[in-house]
Amino acid sequence: MEIYKLSDDVSGAVSLRVDKFTITDLRQGVKNPNRVNVFIGGKFAFSLDVAQVVDFRLKIGSEVSEEQLAELRRASEFGKLYQRALEWVLVRPRSEKEIYDYLYKKVYEKKLDKNYINLIIERLKEKKYVDDRKFAEYYVENRFVKKGISRKRLKMELIKKGVAKEIVDEVIFGRDDEEEIDKIIAKKRDKYDDEKLISYLCRQGFSYQLAQSRVVRGKD
């Protein structure tokens, strides 16, 4: 089998035609045991996740064409990017837009194929790792639970994160702004006079009427 032959001139290399490349070793990754390091001609070439190795039916001694080698390298890029995205969503629920923005940044930094983004998102959705409704429910349940937050601000934040308005309206339905505003008043009462406290509450998305009534009531 012909391989790349280096010229004596260190300024460059002469590439001879290569029809086949032989996989000489497959080693479990040290940092990530779910990935397999692939060696070609005795040298590390790229890594794949275990499932990819099985899908491609790779084993020591397997011969791959230049075209297949390019496909394997693309699969390696895709697998690493998918793994990073999976680890990121497992930290806490993410919206589909958050995942898209995260992947777009990674693709741009590493100059990868932009088509990976939608493919990864679809796979994550198929495996139920990305679900905008579940994300919105999680967000509403955990956003400023102790500090308090208005329905209006919650709605704006969720829409900004790409959640459909219909889903947002459903997950915040029945949320009590009076209970939320009282949490904020209890924390901010000593920092502001009535006028400034009402202004602050309005900036947080509460109506002026509700802010005024709760601030005055809180002093009774």
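Have a look at the chain and give its Rg and Dmax from the Cα atoms, expressed in angstrom.
Just the Cα atoms of the chain yield Rg and Dmax of 27.4, 91 Å.
Going by amide H atoms built from the backbone, whose H comes under 5 Å of the H on Asp49, apart from near neighbours?
Val36
Using Cα pairs under 8 angstrom and six or more residues apart, how large is the relative contact order of the stretch 132-219, in percent?
Relative CO of the stretch 132-219 lands at 32 percent.
Taking only DSSP H segments of four or more residues, each worth -39500 (n - 2.57), what value at 222 nm results for the chain once the sum is divided by all its residues, to the nearest 500 deg cm²/dmol?
Calculated from helices alone, the mean residue ellipticity at 222 nm is -17000 deg cm²/dmol.
Once you've got the Cα coordinates, tell me which of Lys59/Lys80; Lys59/Lys111; Lys165/Lys196; Lys146/Lys188; Lys106/Lys165; Lys97/Lys155 are over 22 Å apart.
Lys59/Lys111; Lys165/Lys196; Lys106/Lys165
Local charge sum around Arg35 (other residues, Cβ-Cβ under 11 Å, Lys/Arg +1, Asp/Glu -1)?
+2
What Kirkwood radius, in Å to one decimal, follows from the Cα pairs of the stretch 21-126?
Result for the stretch 21-126, one decimal place: 14.7 Å.
Please work out the Cα center distance from the stretch 153-220 to the stretch 32-95, rounded to the nearest Å.
Each part's Cα centre sits 49 Å from the other's.
On alpha-carbon atoms, Rg over Rh for the stretch 132-219 using Kirkwood Rh?
1.01
Based on the mean of other Cβ atoms within 10 Å per residue, sort peptides 63-73, 104-114 so the most packed one is first.
63-73, 104-114
Nearest 20 debye, what's the magnitude of the dipole of the chain about its Cα centre given +1 on Lys and Arg Cβ and -1 on Asp and Glu Cβ?
720
Every number here is computed from the coordinates shown, using simple stated rules; none is lab data. Everything quoted here is computed from the prediction, not taken from an experiment. In this analysis, Cβ positions are derived from the backbone assuming ideal geometry, glycine residues included, and neighbour counts consider all displayed protein chains.
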